[in-house]
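The values are calculated or read from the model by the stated rules, or taken from the named source; none is laboratory data. Just so it is clear, the structure is predicted and the values come from calculations on it, not from any experiment. Don't worry about glycine lacking a Cβ; one is built from the backbone with ideal geometry, like all the others, and counts go over all protein chains shown.
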Amino acid sequence: MERVLMKGNEIIGEAAIRSGCKLFFGYPITPSTEVIEYLSANFPRAGGTVLQAEDEIGAINMCYGASCTGARVMTASSSPGISLKQEGISYSAAVELPMVIVNVNRCGPGLGGLGPAQSDYFQSTKGGGHGDYRVITLAPSTAQELYDFTMQAFDLADKHRNPVLILSDGFLGQTMEPVVLKERPKAPEYDKSWIVNGSKGREKRILASYSLTNEIGEKNNLYWEKKYNGIQETEQQWEEFYAEDAEYLLVSYGTTGRICKSTVLNARKKGIKLGLIRPITLWPFPDKAFIPYKDKVKGMVTVELNTGQMIEDVKLAVECKMPVHLYRRQGGMLPTENEILNYVEDKFGLSKEGEA
Amino acid sequence: MEKVFARSKGLTDVPFSFCPGCTHGIIMRLIAEVLEELDIIEDTIGISPVGCAGFSQDFFSCDFIGAAHGRAQAVGIGAKRALPDKIVFTYQGDGDIAAIGTQHAIHAAARGEKITSIMVNNAIFGMTGGQMAPTSLEGMKTVTSPYGKDVSTTGYPIDMPTLVANLPGAVYVASVSVDSPKNIAQAKKAIKKAFKVQQAGLGFSLVSLLSTCPTNWNMSPSDSLKWLRENMMPVYKMGELKVTEEVESL
């Protein structure tokens, strides 16, 4: 298998091509722009369509239209652009349209800056737009995961007829790393009997989300709720790192999840039994990961690039049975492995006399 | 007995739900006849907007996608780019295409997207209860311009077909009316040409149809038609505004 050195955003583009994606609609925004640049250069000769839309709203609604025909489709943007897309994502969730949306998270609020952030966790995992819906959210932490999760995202989208979000950040998007260009995993045949492609030989179909009858509205909401519950039951993914015998756990995803691994290794060298739970699916949040630990671990620290968003899900997952603290950097700054460790030692009184 | 007039095959048997005197029904029938005559019902994907025009998804017998308010053209472009051999048309009101969705109208034309847009212009937001639109005329009384539309603060009516006709990617643009049998016949010709343009893959086509909203204009259906003729037709440039040579030779 081919092993290449590529920039994070380009890896997403290459994985999309190799996933059988047929169309990409986007609008340039830093730090996600290399996705549309890479596809503009490489997608047409692979038989794909790239269209630089008039705006983010146009791009997401083009995805909506293309997905209605059963084609694999993707868009990519960064935080402010993802905000603009939210109405379209809500409509796509309501019509149950498979599509892959990439958010290369930059720091905010407002125009903010270009540095890495995890400030869009709430937006990604709690719906994001209007109405009550969920979007499957995958959080890669390495180049290889950018590639693998992009491929997985297309299959999850088809499997559940639901938009899937890849939540990357400016650090992952801009970093060059080696990646193995694996073959596309063989996906099962997905039911496409719902698509709109001209009514030859069948009844006409309508794909829309309009319901003026409250009774029907409630029926629809119950149907979606059941689907989301099913996804929560079956699709949770996470990685455990030195968790089994841990007395304290870090919980972190994406870029900080990666930094936390170094923190864990450094702690172990000092004799501190620290471990890591790294959520891979942010929605569904992997609360199953916490079941074995909620009665035996002494405390947890979530490490985030925001004011503390995932920490709410962690506290719910451990039913507040132990202290859960937050270590965070913001505005595009990243923590070092040692400042995380210092915080852990400080919070749980682990510093030996004289060492601090 | 011989059947001399029947429902077009382009329509389902769902009865129109429009207010008395509304011209949506006439326009939908014209489009349905065109789809039937060109034998493209089963090859067509319609895009419905938000507003009274949104009901179109139930009335046409072809496949349909319901779009968010203003996004019909973006959605249609997505579908057309995925299935270039299908016929894609949007059916939108003036609020949808000339207010909240203006950017898509301009850029669909600029890129010469091979879709057909039908714009139904009644100079008002119908479904939400008769609010002022960017297409409302100077002095027009609506529930959000109760003292008459003051163009110095709320702007002049946007003539979308004229705007779009200036862009090279728009190859056929017509502004017609359904106020009289003669004009209805002309409107049908324009709609047919617009669909033929798409069949030939020539570029973007737009047909704007001046329409009435007796309910929100607070007029009888016949007074509404008279008002349309006397007030709207002088403001909006009428006729075929753009016919490229290629379209001419169709």
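Among the residues of segment A:297-304, not a single one is surrounded by 15 or more Cβ atoms within 10 Å (Cβ to Cβ) and out of contact with any strand residue (DSSP E or B) (no Cβ under 7 Å at 6 or more places or on another chain). Scanning segment A:120-158 for residues that are out of contact with any helix residue (DSSP H, G or I) (no Cβ under 9 Å at 6 or more places or on another chain), surrounded by fewer than 22 Cβ atoms within 10 Å (Cβ to Cβ) and more than 18 Å from A:CYS63 (Cβ to Cβ) turns up just one, A:LYS126.
Has segment B:197-218 got any residue that is free of Cβ contacts under 8 Å to residues at least 60 places away in the same chain, part of a helix (DSSP H, G or I) and surrounded by 15 or more Cβ atoms within 10 Å (Cβ to Cβ)? There is no residue in segment B:197-218 that is free of Cβ contacts under 8 Å to residues at least 60 places away in the same chain, part of a helix (DSSP H, G or I) and surrounded by 15 or more Cβ atoms within 10 Å (Cβ to Cβ). Residues that are more than 7 Å from chain A (Cβ to nearest Cβ) and surrounded by fewer than 24 Cβ atoms within 10 Å (Cβ to Cβ) within segment B:99-110 comprise B:ALA99, B:ILE100, B:THR102, B:ILE106, B:ALA110, listed in sequence order.
Scanning segment B:42-66 for residues that are facing chain A (nearest Cβ under 7 Å), of a type in the set (Asp, Glu) and more than 15 Å from A:VAL95 (Cβ to Cβ) yields a count of 2. In segment A:15-29, the residues that are free of Cβ contacts under 8 Å to residues at least 40 places away in the same chain reach residues that are of a type outside the set (Asp, Glu) and assigned to a loop (DSSP other than H, G, I, E, B) with C-beta atoms within less than 7 angstrom, at least six apart or across chains, in these pairs: A:ILE17/A:PHE43; A:ILE17/A:GLY48.
Can you find even one residue in segment A:213-228 that is aliphatic (A, V, I, L, M), outside the structural domain of A:LEU265 (by TED's automatic domain parsing) and either under 23 Å from the mean Cα position of the chain (by Cα) or surrounded by 14 or more Cβ atoms within 10 Å (Cβ to Cβ) (or both)? No; the residues of segment A:213-228 include none that is aliphatic (A, V, I, L, M), outside the structural domain of A:LEU265 (by TED's automatic domain parsing) and either under 23 Å from the mean Cα position of the chain (by Cα) or surrounded by 14 or more Cβ atoms within 10 Å (Cβ to Cβ) (or both). One residue stands out in segment A:204-235 among those that are touching a His at 6+ places or on another chain (Cβ under 9 Å) and of a type in the set (D, E, K, R): the one that is nearest to B:PHE59 (Cα to Cα), namely A:LYS227. Scanning segment A:38-84 for residues that are within 12 Å of another protein chain (Cβ to nearest Cβ), among the hydroxyl-bearing types (Ser, Thr, Tyr) and not in a helix (DSSP H, G or I) turns up A:THR49, A:THR69, A:THR75. Filtered by the rule that a residue be surrounded by fewer than 24 Cβ atoms within 10 Å (Cβ to Cβ), within 7 Å of chain A (Cβ to nearest Cβ) and of a type outside the set (A, V, I, L, M, F, W, C), segment B:67-93 gives a lone residue, B:LYS86.
Is there a residue being touching a residue at least 24 places away in the same chain (Cβ under 8 Å) and over 16 Å from the mean Cα position of the chain (by Cα) anywhere in segment B:149-161? The answer is yes, given that some residue of segment B:149-161 is touching a residue at least 24 places away in the same chain (Cβ under 8 Å) and over 16 Å from the mean Cα position of the chain (by Cα).
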